[in-house]
Amino acid sequence: MNTKRTDRPRVAVVTGAGSGIGRAVAEELLRAGWSVALAGRRTEKLEETAALVPEGDFLAVRADVSRPEDVAALFTATVDRFGRVDLLFNNAGTFGPGGVPVEDLPYEAWRHVVDTNLNGAFLCAQTAYRHMKEQTPQGGRIINNGSISAHTPRPHSVAYTATKHALTGLTKSLSLDGRPYNIAVGQIDIGNAATDMTARMQTGALQANGEMAPEPAMDVADVARTVRHMAELPLEANVQFATVLATTMPYVGRG
């Protein structure tokens, strides 16, 4: 079956599109001619993202991905506006309180990270999956934003690391379950893209040996181009896992 779709605009949903990696990916897709539903908790930030590509075809939807009713409304609005969903970039996430030892991490903080990073990713993927299964032509692609923390943790990051490991399991399971319906699912694991979330790492980040050391970062646009490459493959092909990181960051080996 030929699943290449070059005869109509492709439709993407990008969560966490108001800043950072989500904003960069949304901008890249809009410039490439995608129709993009920008999702986030602050409408003014979504409008700032859209303003980067004034000619782009976008829809801004205020949504908290940890709330099932918000997720349902996001995808309903997307389909009402654009007719279908070809891509979900499951990006919304939070690191949680930084530098807090596991014994001092409040349960409320743990729950907030789990609700956003894992439950939110599941709710968005489940809803996208339902639409992709039922639409004509059938199918689509889901790309989950993991992290190098899905492989190797940082000190004092138990909630974030646990959710990113769980996201890998979600990716694998969705990828398997999506096969009969032409739904391709992959994951991008990112290390130190230059965003507000990683700005502190460039001045000093706690290392596994207890020392503080600055870490290099890469241009977030390089991440966005990688996501676009994954997104624009025909559905017969899938990047199951991709790791994109600042070349000299302390990740491979002992730093």
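The values are calculated or read from the model by the stated rules, or taken from the named source; none is laboratory data. Please read these numbers as outputs of a predicted model, since none were measured by experiment. Reconstructed Cβ throughout: ideal geometry from the backbone, glycine too, with neighbour counts over all protein chains shown.
Taking Val53 as meeting all but one of (1) touching a residue at least 40 places away in the same chain (Cβ under 8 Å); (2) in contact with a Leu (Cβ under 8 Å, 6 or more places away or on another chain), write down the number of the exception.
(1)
Identify, from the list Thr78, Thr94, the residue that is surrounded by fewer than 22 Cβ atoms within 10 Å (Cβ to Cβ) and hydroxyl-bearing (Ser, Thr, Tyr).
On inspection, the qualifying residue turns out to be Thr94.
Here are some conditions: (1) within 18 Å of the chain's Cα centre (by Cα); (2) surrounded by fewer than 17 Cβ atoms within 10 Å (Cβ to Cβ); (3) not in a helix (DSSP H, G or I). Pro137 meets all but one. Which one does it not meet?
Among (1) within 18 Å of the chain's Cα centre (by Cα); (2) surrounded by fewer than 17 Cβ atoms within 10 Å (Cβ to Cβ); (3) not in a helix (DSSP H, G or I), Pro137 violates only (1).
Report every pair of residues separated by at least 6 positions or lying on different chains whose Cβ atoms are under 8 Å apart, first residue within the range 214-229 and closer than 13 Å to Gln187 by Cα and at pLDDT 95 or above, second assigned to a loop (DSSP other than H, G, I, E, B) and not small (Gly, Ala, Ser).
Final answer for the pair search is His229/Val239.
Take the range 35-48 and flag every residue that is out of contact with any helix residue (DSSP H, G or I) (no Cβ under 7 Å at 6 or more places or on another chain) and surrounded by 21 or more Cβ atoms within 10 Å (Cβ to Cβ). Outline the logic, then answer.
Going residue by residue through the range 35-48, those that are out of contact with any helix residue (DSSP H, G or I) (no Cβ under 7 Å at 6 or more places or on another chain) are 41-48.
Hit for the range 35-48 is Leu46, nothing else.
Filtering the range 215-234 down to residues that are in a loop (DSSP other than H, G, I, E, B) and of a type in the set (A, V, I, L, M), which residue is surrounded by the fewest Cβ atoms within 10 Å (Cβ to Cβ)?
Leu233
In the set Asp104, Asp115, Asp86, which member is among the charged types (D, E, K, R) and at pLDDT below 95?
It is Asp104.
With the requirement that a residue be in contact with an Asp or Glu (Cβ under 7 Å, 6 or more places away or on another chain) and over 23 Å from Pro137 (Cα atoms), what does the range 35-48 give you?
The first filter runs over the range 35-48 and keeps only residues in contact with an Asp or Glu (Cβ under 7 Å, 6 or more places away or on another chain), leaving 35, 41.
Arg41, the sole residue that qualifies.
In the range 147-155, is there at least one residue being surrounded by fewer than 16 Cβ atoms within 10 Å (Cβ to Cβ) and in a helix (DSSP H, G or I)?
no
Which of (1) within 25 Å of Lys164 (Cβ to Cβ); (2) in contact (Cβ under 8 Å) with a residue 60 or more places away in the chain; (3) surrounded by fewer than 21 Cβ atoms within 10 Å (Cβ to Cβ) is the odd one out, the single condition Glu108 does not satisfy?
(2)
Considering every residue within the range 166-179, establish whether at least one is of a type in the set (Ser, Thr, Tyr), crowded, with 17+ Cβ neighbours inside 10 Å, at pLDDT 95 or above and out of contact with any helix residue (DSSP H, G or I) (no Cβ under 6 Å at 6 or more places or on another chain).
Among the residues of the range 166-179, at least one is of a type in the set (Ser, Thr, Tyr), crowded, with 17+ Cβ neighbours inside 10 Å, at pLDDT 95 or above and out of contact with any helix residue (DSSP H, G or I) (no Cβ under 6 Å at 6 or more places or on another chain), which makes the answer yes.
Note down all Cβ pairs under 6 Å where the first residue falls in the range 233-251 and is in contact (Cβ under 8 Å) with a residue 24 or more places away in the chain, the second is among the charged types (D, E, K, R) and assigned to a loop (DSSP other than H, G, I, E, B), and they're at least six residues apart or on different chains.
Pro234/Lys4; Met249/Glu215
Looking for whichever is surrounded by fewer than 24 Cβ atoms within 10 Å (Cβ to Cβ) and either within 21 Å of Thr136 (Cα to Cα) or among the acidic types (Asp, Glu) (or both) here; the options are Ala60, Ala51, Ala72, Ala32. Which one fits?
The match here is Ala72.
Name the residue that is nearest to Ala224 (Cα to Cα), counting only residues in the range 88-115 that are of a type in the set (A, V, I, L, M) and assigned to a loop (DSSP other than H, G, I, E, B).
Ala92
Working carefully through the options Ala237, Ala199, find the one that is at pLDDT 95 or above, on the phi < 0 side of the Ramachandran plot and either assigned to a loop (DSSP other than H, G, I, E, B) or not charged (D, E, K, R) (or both).
Ala237
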